[in-house]
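Structure below; questions to follow.
The values are calculated or read from the model by the stated rules, or taken from the named source; none is laboratory data. What you see is a predicted model, and the numbers here were worked out from it, not measured in a lab. Side chains are part of the model used for accessible areas, which takes the heavy atoms of the whole protein and leaves out ligands, DNA and RNA. Shrake-Rupley method; radii C 1.70, N 1.55, O 1.52, S 1.80 Å.
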Amino acid sequence: MHPVFNRNLFFVKEQVGMFKASNNYDIYDPETKEVILECREPNLGFFTKMFRFTDYKRMTPFEVVIKEPNGDVLITVKRGVSIFLSTVEVFDEKDQLIGKFKQQFFSIGGKFNLLDQNDSVVSTLKGKWTSWDFKFVKEGHEFAHVSKQWAGFGKELFTSADNYMLKIDESVPENNRLRMLIMAAVMCIDMVLKE
């Protein structure tokens, strides 16, 4: 596992764009304000782009790549067409499956399980319906928390840009794949639960 995932704080900033089909983010070290990761959708097909501007946006497939600024791919997140509930697969830098997310039916505020490669639940992402606030929990223990940061009234009016702060709890051991699954899940919250 890449050492960048052993950090506990990440500032995620959506790239600003008026009419864009893809979801692109830069991930910063909040202390140095340096870009440490990039999240892109490089292989967006023509029809997928078209459907991203319709009411069917939440059903469109995606392939999100999380990479270093130098271009080295660290995580790939994939989902096919989603009619009711999403199942998302997460792959490491060697293109090996490390886990999945499965959306839960009838959840208020949004909820999906993070599964390891053996389909065992390692955490659950739970959101609040009253705000953009999500927690990764299991059996009462919080592994991580992600919340939307206010980016300014005018900017939010004229763009779809979102900023998030991800805090991974220090109790999650270094080099644990749960850290990679949490990062991948944060990149998918908008596409799976909110759009």
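Among the residues of the range 30-53, is any modelled with pLDDT of 70 or more, of a type in the set (Ser, Thr, Tyr), part of a loop (DSSP other than H, G, I, E, B) and open to solvent by less than 20 Å² (accessible area, probe 1.4 Å)?
No, the range 30-53 contains no residue that is modelled with pLDDT of 70 or more, of a type in the set (Ser, Thr, Tyr), part of a loop (DSSP other than H, G, I, E, B) and open to solvent by less than 20 Å² (accessible area, probe 1.4 Å).
Moving to a separate point now. Please determine, by comparing only the residues of the range 54-65 that are of a type outside the set (A, V, I, L, M), outside any loop (DSSP other than H, G, I, E, B) and at pLDDT 70 or above, which one is nearest to VAL77 (Cα to Cα).
Step one: list which residues in the range 54-65 are of a type outside the set (A, V, I, L, M), which gives 54-58, 60-63.
In the following step, the residues that additionally are outside any loop (DSSP other than H, G, I, E, B) were identified as 57-58, 62-63.
Among the residues that remain, those that are also at pLDDT 70 or above are: 62-63.
Numbers: PHE62: 8, GLU63: 6 Å.
Among them, the one singled out is GLU63.
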